1. Using the Karplus curve 6.51 cos²θ - 1.76 cosθ + 1.60 with θ = phi - 60°, what ³J(HN,Hα) values do you get for each residue of segment 63-69, in whole Hz, with x for Gly and Pro?
2. Give me the accessible area of GLU47, 1.4 Å probe, in Å² rounded to the nearest 10.
3. In nm, give the distance between the simple-model label positions of SER111 and ASP194, each being 7 Å from the Cα along the Cα-to-Cβ direction.
4. Taking a 24 Å limit on the Cα-Cα distance, which of the listed pairs LYS38/LYS114; LYS135/LYS165; LYS39/LYS61 fall beyond it?
5. When only the heavy atoms of the protein chains count and the probe is 1.4 Å, how do CYS203, CYS330, CYS298 rank by accessible area, highest first?
6. Suppose R0 equals 45 Å; then what is the FRET efficiency for ALA176 and ARG34 from their Cβ-Cβ distance, rounded to the nearest 0.05?
7. State, to one decimal in nm, how far the label point of SER67 lies from the label point of GLN139, with both points 7 Å from Cα in the Cβ direction.
8. For segment 117-129, what does the Karplus curve 6.51 cos²θ - 1.76 cosθ + 1.60, with θ = phi - 60°, yield as ³J(HN,Hα) per residue in whole Hz, taken in order and with x for Gly and Pro?
Amino acid sequence: MFDGNGTETNDMGGVVAGMLAGTVDWREVDRKLRTIAKKRAALDAEEVQWVREAERIQIWKRTGHASMLAYLESVFGYTPKTAEDRLRVARRLEALPQLTGALADGELPYSAVKELVRVATPGTENAWREAARGKVVHQIEQLVSGHHRGDLPTDPVDPTIVLQKLLLELLPETLARFRETHAWFNKAAGERLDYDRFISALCEAAIAGVGGDAEPRRAKYQIALRVCPECKRGTQDGAGIVVPVLPSTVARAECDAQRLGDLDPKTGELQRTTQDIPPKTREYVMNRDNHRCQTPGCRSALHLEAHHIEHREDGGSNHPSNITTLCGGCHKRHHEGTLRVTGTAPDHLVFEWPHEQSLAPPDGSRFSRAERREELKKALVSMGFKRPEAGAAADKVASTMEPNATLEDCLRQALRGFAPTARS
């Protein structure tokens, strides 16, 4: 509002009175709302900075909260999902100065930045910032959908990761039971599952039996999964529909599957069903590992899968020392190349997270092209490429890698246009 001398005032009472009298100019209302939006964006950017610092000093321990998420829920009144999103965005923005600046300047609202950090990396954030300019949040959600982290906005969409919306209409008591079940699965998994993982876990538990792993002798994968023998791409049947699945899903199934026999071309009879891991061996491994995922820090007892440490394609056997227990999430991360498992079970396993490592030597110097290619090739082999394919893919991107690029970023670049051969 402005007084008779053209001086701006902060008299909210006058604004309300003017609105009631119908004398407030629409331009004034628009200006006020845009000012509030800009201030809110600046506060969001400031919150991001302090949330990172709070996590660094483990502030929840000093304030009597159970976790960082619990602290955010208490201080800001966030729901668990909102607190989780805020923490995720704060972590990602630490390496994304362009998007951080766009948020602080009010160029992009927090809701837009929340979507962009799902896919943006230091090398692609400016492209995503430009692509999002002038778009509303719904349009940005569509822009991001189907892209992997490290992709450019112009890269083709991967249909296997496009989220599908499902509207549920539930009675109050059913909704209460749904929430209670979600909480139970979260506790069993040792972390909060998003709705995609929760519904997937719920379906797997229903198929496998109460508890999700009621038959430790039986192979985990008995769903209708078809794999092309040439390109190794997989599809899954689902009550009348056929959908593509991720290469990592195919690789997981190859680890711990029951195989339906094909027709014998000579006799026309079906061959008998076989199981990759002998039932007694699988049962022994599950009991030995106390029906828990063996990844350090993971406490999941849900949807356990048997994993060959040395993949069978590389000569790995079904001996229990070459098999360990992983939950579906950790097994997926392994076959995506972001978790490396080596050694022998159960007492000499080594777990590494190569996506958190830089492809630059620790002394700050640069790897040679050949050294960078070799590091990337090892990662590609660990996630499912045959060695010749891994070498070709690594050679294609080695010369363009930034010295400080993470292995995860380089893997994303290498995977475009390639279909990893599933292994177990």
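1. 10, x, 9, 6, 7, 5, 5
2. Ignoring ligands and nucleic acids, GLU47 comes out at about 30 Å².
3. Between SER111 and ASP194, the simple spin-label model gives 1.8 nm.
4. Values: LYS38/LYS114 17 Å; LYS135/LYS165 21 Å; LYS39/LYS61 31 Å.
Result: LYS39/LYS61 exceed 24 Å.
5. Details: CYS203 70, CYS330 5, CYS298 25 Å².
Largest accessible area first, the list is CYS203, CYS298, CYS330.
6. Working: r = 42 Å, r/R0 = 0.93.
E(calc), rounded to 0.05, equals 0.60.
7. 3.7
8. 5, 5, 10, 6, 10, x, x, 10, 4, 5, 5, 5, 4
The values are calculated or read from the model by the stated rules, or taken from the named source; none is laboratory data. What you see is a predicted model; the values in this text were computed from it and never measured. For neighbour counting, all protein chains shown are included, and Cβ atoms are generated from backbone atoms with ideal geometry for every residue, glycine included. Side chains are part of the model used for accessible areas, which takes the heavy atoms of the whole protein and leaves out ligands, DNA and RNA. Shrake-Rupley method; radii C 1.70, N 1.55, O 1.52, S 1.80 Å.
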